[in-house]
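Report on the following structure.
The values are calculated or read from the model by the stated rules, or taken from the named source; none is laboratory data. Since the model is a prediction, treat every value here as computed from it, not as a measurement. Here Cβ is always computed from backbone atoms with ideal geometry, including for glycine, and neighbour counts include all displayed protein chains. Side chains included, ligands, DNA and RNA excluded: accessible areas come from the protein's heavy atoms. Shrake-Rupley method; radii C 1.70, N 1.55, O 1.52, S 1.80 Å.
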Amino acid sequence: MNHQLQTALHEADLSREAIFERTSEIFERVLYDSAFLDGPNFTTFHPFDLRRMFDLYDRFFFGQGCREVLGDVPLHFGISKRMTRSAGTTTRRERRTHALGPVHREYEIAVSSTLLFQTFCGEERTVTVSGLVCHNRMQALQRVMEHEMVHLIEMLLWTNSSCAARRFQSITHRFFGHVEHTHELITPREKAWTQYQIRAGDRVGFRFDGHHYTGIVNRITKRATILVEDPRGSRYSDGKHYRKFYVPIQMLQKLD
Ligand SMILES: [Zn+2]
């Protein structure tokens, strides 16, 4: 257990100015050093950028306590297109190469590219992450990284981590000024509604392999899941049989 990091976590209570100064410095440095980021509203990013951002946060906010506690334990960074609700995740993986061997532990922080890339596209509403207004993808990414770092720190020090719990929220508030533990980045579900007025339960038509189908929107993630009545399909709780299609939202035509 790293007492230095733990003490820092209990005692720190940063002023708004101190937070602003440090996070602005990180904003500048990550952008400046990156071979991938093409501006505050970047159109591409790389796990290297996440690593760089993480290490700067660790240095400026936690006295490199995260790296110190991690030691040789690998920390990976990932970018996921498939995350359509969470903006970020922190996971611990443990495995043994043989039954009595030592446990290998590793961590990963992953960020959703889908949510970042479909937000800050000229939408009308204000975008907040962790309750703080963000003006560009870079700021949103920073708020997501701050949140995920606290998950990692909790996992490292106390094994379990929950952002719905008071301890987590106290840390993110004192270090980063977060006032919420959720994000309001634009999800595929919201986009489907604001751009195409389509939501779960709607009757829609679409073409697939040269055929025209009509069905019901069941779920919206990266694409919409459409259930089309078909006696050869699987039986659902309403007693009817449906075939499932995954269709891009823009291919759907709303029927009423
Ligand atoms: Zn969380």
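Ranking request for peptides 202-209, 96-103: highest mean number of other beta-carbon atoms within 10 Å first, then the rest in descending order.
Descending packing order for the listed peptides: 202-209, 96-103.
Here the Debye sum runs over all C-alpha atoms of the chain as equal scatterers in vacuum, and log10 of I(q)/I(0) at q = 0.13 Å⁻¹ comes out as -0.89.
Ligands, DNA and RNA aside, Ile153 has an accessible area near 0 Å² when probed at 1.4 Å. A simple spin-label model places pseudo-atoms 7 Å from Cα toward Cβ; at Arg93 and Phe48 they are separated by 2.3 nm. When each full DSSP H helix of the chain is screened for a Cα extent of at least 18 Å along its own axis and an average Kyte-Doolittle hydropathy of at least 0.0, the helices passing are 137-158.
Between Ser80 and Val111, Ser112, Ser113, the built amide H atoms are under 5 Å apart, and every one of these is 5 or more places off in sequence or on another chain. Which pairs in the list Lys222/Lys244; Lys81/Lys254; Lys191/Lys244 are over 20 Å apart, alpha-carbon to alpha-carbon? Long pairs (Cα-Cα over 20 Å): Lys81/Lys254; Lys191/Lys244.
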